[in-house]
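The values are calculated or read from the model by the stated rules, or taken from the named source; none is laboratory data. This structure is a prediction, so every number in the text was calculated from the model and none was measured. When we count neighbours, we look across all protein chains shown, and the Cβ atoms used for this are built from the backbone with ideal geometry, even at glycine. Please note that ligands, DNA and RNA were not included when accessible areas were found on the heavy atoms of the full protein model with its side chains. Shrake-Rupley method; radii C 1.70, N 1.55, O 1.52, S 1.80 Å.
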Amino acid sequence: MTGSARGRTGGSRYGEGVPLVAAAVCPHPPLIVPELAGAAAPELDDLRAAAAAAVTRLLTARPDCVVVLGSGPATGWIIPPATGSLRPWGVDLTVPLVPALPDGEAVLPLSLTVGAWLLNRQRVGVRVVGAQVSPEATLGELGGFADQVHEYRPRVALLVMGDGSACRGRQAPGYDDPRAEAYDEGVARALADADPDALLGLDPALSAELKVAGRAPWQVLAATARAAGGDWRGELSYAAAPYGVSYFVANWAPA
């Protein structure tokens with residue numbers, strides 16, 4: 001599923017605020033890692049290809065720093081060295097945030113572990129840091145966290161990790177919820193249209209009821225894009241719920 005449109009974030013002329021030059025949105029199902037999926041790996045080939053292409057496109061913006069952003073137990077920055085593990089999901093595989101710095105006390109949550117895995121498949125060549133946001137963070141707290149991105153100027157790219165609802169059908173982790181489809185369609189439109197207002201308008205309570213893992217990271221993206229100002233163009237390259245969980249892949253760039 002593809003689409004592109006322009007969104008206006010408002011505020012100052014692009015580049016006067018937060019120095020965001022590009023963003024990519026990807027999901028973080030453990031099964032995206034072929035070693036974990038095993039014989040079922042081909043079922044997510046389209047998702048892997050879309051995510052890889054989105055990360056490649058992110059890096060073509062030539063950022064000075066990539067911030068891998070996802071949900072985690074607390075809101076804060078994770079500076080390498082830091083490592084995630086897929087052992088809880090059945091594979092003895094560790095994933096460093098930066099391959100050259102494989103050892104560190106900081107432990108990555110699943111969202112950043114998968115984000116690091118996606119990045120590690122590419123030649124990055126720039127500074128990489130992690131950022132996690134609590135699902136319980138308020139919109140004001142998420143906006144304040146977005147303001148901190150300016151510390152990594154002059155050119156920052158965001159790799160935003162997050163899943164949609166987990167209630168798409170009886171086999172879904174959250175069982176079936178009739179509200180899930182409309183919620184996910186709204187997120188898909190917001191990502192395709194680069195619409196920060198729509199993302200900022202996502203209801204935290206409903207998001208929690210639908211077991212949405214991406215709400216807080218998406219809202220940090222929205223607040224960061226709004227602070228950057230100017231027109232943005234979005235492209236949605238993947239939107240599906242293969243296991244009852246909605247996954248989105250998208251790119252945002254200045255128009």
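Mind checking which pairs have a first residue in region 27-44 that is of a type in the set (D, E, K, R) and a second that is assigned to a helix (DSSP H, G or I) and open to solvent by 30 Å² or more (accessible area, probe 1.4 Å), Cβ under 9 Å, 6 or more apart or different chains?
Close Cβ pairs satisfying both conditions: GLU43/LEU31.
Report the residue count in region 119-141 for those that are crowded, with 19+ Cβ neighbours inside 10 Å and hydroxyl-bearing (Ser, Thr, Tyr).
0
Quick check on VAL91: is it β-branched (Val, Ile, Thr) and within 22 Å of TYR247 (Cβ to Cβ)?
yes
Is it true that some residue in region 25-43 is out of contact with any Pro (no Cβ under 9 Å at 6 or more places or on another chain), under 19 Å from LEU221 (Cα atoms) and part of a strand (DSSP E or B)?
There is at least one residue in region 25-43 that is out of contact with any Pro (no Cβ under 9 Å at 6 or more places or on another chain), under 19 Å from LEU221 (Cα atoms) and part of a strand (DSSP E or B).
Is it the case that LEU142 is assigned to a helix (DSSP H, G or I) and in contact with a helix residue (DSSP H, G or I) (Cβ under 6 Å, 6 or more places away or on another chain)?
Criteria met by LEU142.
Table: residues versus (1) surrounded by 15 or more Cβ atoms within 10 Å (Cβ to Cβ); (2) modelled with pLDDT of 95 or more; (3) within 22 Å of ALA192 (Cα to Cα).
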residue: GLY10; (1), (2), (3): no, no, yes
residue: TYR14; (1), (2), (3): yes, no, yes
residue: ALA23; (1), (2), (3): yes, yes, yes
residue: ARG48; (1), (2), (3): yes, yes, yes
residue: VAL55; (1), (2), (3): yes, yes, yes
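Pull out all pairs, ordered by first then second residue, where Cβ-Cβ is under 9 Å, the residues are six or more apart or on different chains, the first lies in region 114-126 and is touching a residue at least 12 places away in the same chain (Cβ under 8 Å) and under 15 Å from ALA157 (Cα atoms), and the second is acidic (Asp, Glu) and not in a helix (DSSP H, G or I).
VAL126/ASP64
Of all the residues that make up region 96-118, how many are surrounded by 19 or more Cβ atoms within 10 Å (Cβ to Cβ) and part of a loop (DSSP other than H, G, I, E, B)?
The total comes to 3.
Say we look at region 64-95 and pick out the residues that are part of a strand (DSSP E or B) and not hydrophobic (A, V, I, L, M, F, W, C); which of these is most open to solvent (accessible area, probe 1.4 Å)?
THR94
Looking at (1) within 22 Å of LEU200 (Cα to Cα); (2) among the hydrophobic types (A, V, I, L, M, F, W, C); (3) in a loop (DSSP other than H, G, I, E, B); (4) touching a strand residue (DSSP E or B) at 6+ places or on another chain (Cβ under 8 Å), which one does VAL124 not meet, given that it meets all the others?
Unmet condition: (1).
Yes or no, residue by residue, for (1) open to solvent by less than 60 Å² (accessible area, probe 1.4 Å); (2) over 20 Å from the mean Cα position of the chain (by Cα); (3) acidic (Asp, Glu):
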| position | (1), (2), (3) |
| --- | --- |
| GLY143 | yes, no, no |
| GLY162 | yes, no, no |
| ASP176 | no, yes, yes |
| ALA180 | yes, no, no |
| ASP184 | yes, no, yes |
| VAL187 | yes, no, no |
| LEU191 | yes, no, no |
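Which members of region 231-255 meet the condition of being open to solvent by 10 Å² or more (accessible area, probe 1.4 Å) and farther than 16 Å from LEU210 by Cβ?
ASP231, ARG233, GLU235, SER237, TYR238, ALA240, PRO242, ASN251, ALA253, PRO254, ALA255
From (1) touching a Lys or Arg at 6+ places or on another chain (Cβ under 6 Å); (2) open to solvent by 30 Å² or more (accessible area, probe 1.4 Å), pick out the condition that doesn't hold for ALA166.
With respect to (1) touching a Lys or Arg at 6+ places or on another chain (Cβ under 6 Å); (2) open to solvent by 30 Å² or more (accessible area, probe 1.4 Å), ALA166 is out only on (2).
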